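Trainee: The structure's right below; bear with me while I get my questions together.
Every number here is computed from the coordinates shown, using simple stated rules; none is lab data. Since we're looking at a predicted model, the values are computed, not measured. Reconstructed Cβ throughout: ideal geometry from the backbone, glycine too, with neighbour counts over all protein chains shown.
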């Protein structure tokens, strides 16, 4: 024990350098500011899985963990499209989900935003258009922002939401 203490005294305290500022903090503060300026309240999101492999859903679920904590920004997920401001849609739209996605879009009050998440939501991915798939989300409902990636990182999804909010500044969001 004495030998260890002498070595510590001779070498001194060695520690890791402090971490660099996280880019996520900048995105978070910008997003919070944008949401409050445009909406004046919390942003409500309805997530719709239109036929994905669930890779994008895992990244979306990561948004609510303590690291990303989007609920701390005033963004929350809602169970009903009637309470939503933004639809977050993943996957290529399966033919069986086409009607459900159209109804969800119709049930969302105007003005509404749509963000397509993942390569499949943006382009149809490896599934493309076929008898079983309508392809990308934009083939079924209008899309405001597409977030590519397979799956996209949670920060990229946050940037996509920020882009949708920024593009919506010209619209009136008062209800």
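Trainee: Using per-residue counts of other Cβ atoms within 10 Å, averaged over each peptide, order 74-82, 87-95, 113-121 from highest down.
Mentor: Values: 74-82: 14.7, 87-95: 25.1, 113-121: 27.0.
Answer by packing, highest mean first, reads 113-121, 87-95, 74-82.
Trainee: Starting with the fewest neighbours, write out 20, 159, 136 ranked by other beta-carbon atoms found within 10 Å of each beta-carbon. Display every interim value, and only then the final one.
Mentor: On the way: 20 6, 159 17, 136 25.
Arranged by neighbour count, lowest to highest, 20, 159, 136 become 20, 159, 136.
Trainee: Using only alpha carbons, build the gyration tensor for region 77-155 and give me the equivalent ellipsoid semi-axes, biggest first, whole Å.
Mentor: After scaling each eigenvalue by five and taking roots: 20, 16, 9 Å.
Trainee: Ranked by Cβ crowding within 10 angstrom, fewest neighbours first, how are 163, 4 ordered?
Mentor: Placing the least packed residue first, the sequence is 4, 163.
Trainee: If Rh is defined by the Kirkwood formula over all Cα pairs and Rg also comes from Cα, what ratio Rg/Rh do you get for region 24-168?
Mentor: Over the Cα atoms of region 24-168, Rg/Rh equals 0.95.
Trainee: In percent, what relative contact order does region 59-149 have, based on Cα pairs under 8 Å that are 6 or more apart in sequence?
Mentor: Computed value for region 59-149: 28 percent relative contact order.
Trainee: Among DSSP beta bridges whose residues both lie in the chain, state the antiparallel percentage, nearest 5.
Mentor: Rounded to the nearest five, the antiparallel share is 10 percent.
Trainee: Using only the Cα atoms of region 60-123, construct the convex hull and provide its projected area averaged over every direction, in square nanometres to one decimal.
Mentor: Numbers: hull surface 19.9 nm².
Answer in nm², one decimal: 5.0.
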